[in-house]
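Here's the structure we're looking at; comments come further down.
Values in this text are rule-based calculations from the coordinates and carry no lab data. Just so we're clear, the structure is a prediction, and the values are computed from it rather than from any experiment. With ideal geometry, Cβ positions are generated from the backbone for all residues, glycine too; neighbour counts draw on all protein chains shown.
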Amino acid sequence: MKESQEGITVKKDGDFSEWYTQVIQKAELADYSKVSGCIVFRPRAYHIWETAKENLDKEFKKTGVKNAYFPLLVPESLLNKESEHVKGFKPEVAWVTQTGSSKLNERLAIRPTSETIMYDHYKKWIRSWKDLPLKINQWCNIIRWEFKHATPFLRTREFLWQEGHNVFATEKEVEENTLLMLDVYEKILKEIYAIPVIKGKKSEKEKFAGALYTLSLETLLPNGKAIQCCTSHNLAQNFSKPFDITFLDKNEKKQYAWQNSWGFTTRTIGIMIAIHGDDKGLIVPPRLAETQVVIIPILFDKTKEKVLKKANEIFKLLKDYKVYLDDREDYSPGWKFNEHELNGVPVRIELGPKDLENNQAVLVRRDSLKKENVKFKDLNKKIGETLESIQKNLYEKAKKSLYDNINEVKNLNDAKKIINSGKIAKVNWCTGAKCEEIIKTKIEGAKSLNISLTEKARGKCFNCGNDAKGVSYFAKSY
């Protein structure tokens, strides 16, 4: 018997960091590379990204977006074209300065984001109002170098993402589309990842460098740290002017275009691991899972042939799902149960000789570990219902956890207590940059997550006492 694999040895609520590290390694999600801050995406994790990508891509295309690809290397002269943008990104940029023994005449940035390289081409492609809107997305990798502590998926120097860059003739169109793309992200996080979010607008201090404003989706991890899931930026004309992206309108007058950009990354894999996992390991929402159902036959010499025959029948019966028949004979059933729980498989079917006698199988849910005897004739329908139930339950459980950890407070002292206890403070705030700096100083590690798009502020700012301009969320954050 090859039964040396050890499960998760720490409690999630006891040592979250060690728990997270063990899950990604023992569930074979990632491996550390020789380059600090860069990871290997193992097949189980990459499948999650492929599934998210497939679902996102369908939604993007419904809005008229087309996929393209732009170069990895960005000339320094292009990166410098939008001053606020380059100032925000320069600390994170990795540069190519020579090839072989020859120094380059101009440094080339390894893309930290692609606005500048893409917009240099957009100015050539857009001539008339008839060329608009232009809606382009690319799936690619990104390098951002400036940080101290890497956490696989959540914070790495290289990550995978999509970045969409749309161009419009009017301000109204770009405003509507910037919100629409955020809505797409919210749908995928809710329906595929089973992750609840807080939707809002970033503060001036926290917005994307070069944007008029940034919209974001935020959530809270079990370690008491909030995290940004994705963003959608209204760039207004801040890039069209330096890049000369213009068009002739219907009156033959030259106009600057209106633009946005929007991105969703492999960080979401880490968020999913952190939110849904438990002390036994990974829990993968059924709509993301590489294997939705594992069938484990319990084999004895006398009944082995009959049990395997029935297991194969069930395997064929469940052809509409992602099913794995684990008929390996050099591992015990108990070891297999633990392995598939560690790997987060949503549903397990146990099948032994006694089950054959009773015309049933044992069905085990990964989210609750609840066991149920199911007649063979009901199995196909029951699996479908159970997978949907697990998907819904994971979302509802995570949603309750998120909102149970949001507390409305009216002053800085109460906000400090809430934030230092690993929760989110919901406050009336002036939204000022100076006020935000003071809050960061007084509550170490705290920052604004975003400002509600729907709730109106009442009264005075919880910190400075000036008139409140928005309902905002503050927490410690990645």
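Beyond a 23 Å Cα-Cα separation, which of these cross-linked pairs lie in this structure: Lys11/Lys187; Lys392/Lys456; Lys87/Lys207?
The pairs that break the limit, which is 23 Å between Cα atoms, are Lys11/Lys187; Lys392/Lys456.
Of the chymotrypsin sites (Phe, Trp or Tyr not before Pro) found in the stretch 135-223, those in coil by DSSP whose Cβ has at most 16 other Cβ atoms within 10 Å are Trp145, Phe147. For the chain, the relative contact order comes to 14 percent (Cα pairs under 8 Å, sequence separation of at least 6). Mind pulling the angle between the C-alpha long axis of helix 115-125 and the longest principal axis of the chain? Nearest 10 degrees, somewhere in 0 to 90. Helix 115-125 and the main axis of the chain meet at about 70 degrees. Of the residues Ile295, Ala311, Asn338, the one whose Cα sits farthest towards the positive end of the charge dipole of the stretch 273-353 is Ala311 (charges of +1 on Lys and Arg Cβ, -1 on Asp and Glu Cβ, taken about the Cα centre). Answer rounded, prolate or oblate for the stretch 112-195, using the Cα gyration tensor with square roots of eigenvalues a ≥ b ≥ c: rounded when a/c is under 1.5, else prolate when a/b is larger than b/c, else oblate. It is oblate, given that a/c is not under 1.5 and a/b is not larger than b/c.
The list [x] 18; [y] 12; [z] 28 gives values of percent of Cα pairs over 41 Å apart, and only one came from this structure; which label was calculated from it? The value computed from this structure is option [z]. Calculated on the alpha-carbon coordinates, the convex hull of the stretch 406-476 measures out at 70 cubic angstrom per residue. Taking every pair of distinct Cα atoms and averaging 1/r, then inverting, what Kirkwood hydrodynamic radius in Å comes out for the stretch 16-276? Roughly 19.4 Å, rounded to one decimal. For the chain, the Cβ-based charge dipole about the Cα centre amounts to some 700 debye (Lys, Arg positive; Asp, Glu negative; other atoms uncharged). Considering all C-alpha pairs of the stretch 265-402, those separated by over 25 Å amount to 26%.
Compute the angle between helix 267-276 and the longest alpha-carbon principal axis of the chain, please, reported from 0 to 90 degrees and rounded to the nearest 10. Helix 267-276 sits at roughly 40 degrees to that axis.
Quick one: order Asp278, Asp13 by neighbouring beta-carbon count within 10 Å, fewest to most.
By the 10 Å Cβ count, ascending: Asp13, Asp278.
Loop-located chymotrypsin sites (Phe, Trp or Tyr not before Pro) across the stretch 228-308 with a Cβ neighbour count of 11 or fewer within 10 Å are Phe300, with loop assigned by DSSP.
Kindly put Val35, Val10 in sequence by how many other C-beta atoms sit within 10 Å of each C-beta, fewest to most.
Val35, Val10
Among the GluC sites (Glu not before Pro) found in the stretch 340-445, those both in a DSSP coil and sparsely packed, with 10 or fewer other Cβ atoms within 10 Å of their Cβ, are Glu444.
Excluding same-chain neighbours fewer than eight residues apart, the aspartates and glutamates reachable from Lys417 by a Cα-Cα span under 16 Å are Asp404, Glu408, Glu444. Sorting Leu79, Leu212 by the number of Cβ atoms found within 10 Å of their own Cβ, with the fewest placed first, yields Leu212, Leu79.
Across the stretch 214-343, Cα pairs under 8 Å and at least six residues apart give a relative contact order of 18 percent.
Summarising the label geometry, the points placed 7 Å from Cα in the beta-carbon direction at Lys410 and Asp378 lie 5.4 nm from one another. Each residue of the stretch 41-57 was assigned a 3J(HN,Hα) from its phi angle through the Karplus curve 6.51 cos²θ - 1.76 cosθ + 1.60 (θ = phi - 60°); the sequence is 8, 6, x, 5, 6, 5, 4, 4, 5, 4, 5, 4, 4, 4, 5, 4, 4 Hz, with glycine and proline shown as x. Its DSSP H runs of at least 4 residues, each contributing -39,500 (n - 2.57), put the calculated 222 nm mean residue ellipticity of the chain at -10500 deg cm²/dmol, to the nearest 500. Whole-Hz Karplus values for the stretch 334-341 come out as x, 5, 5, 4, 5, 4, 6, 5 Hz, taken residue by residue from phi with 6.51 cos²θ - 1.76 cosθ + 1.60 and θ = phi - 60°; glycine and proline positions read x. Here Lys130 is the anchor, and the aspartates and glutamates within straight C-alpha reach of less than 19 Å, apart from those fewer than 8 places off in the same chain, are Glu171, Glu173, Asp244, Asp249, Glu252. Taking every Cα-Cα distance in the stretch 58-197 and sorting them into 5 Å bins from zero, the calculated P(r) comes out as 2, 8, 15, 17, 19, 17, 12, 6, 3, 1, 0 percent.
If r is the Cβ-Cβ distance from Ala150 to Arg328 and R0 is 35 Å, what FRET efficiency results, to the nearest 0.05? It comes out at approximately 0.50.
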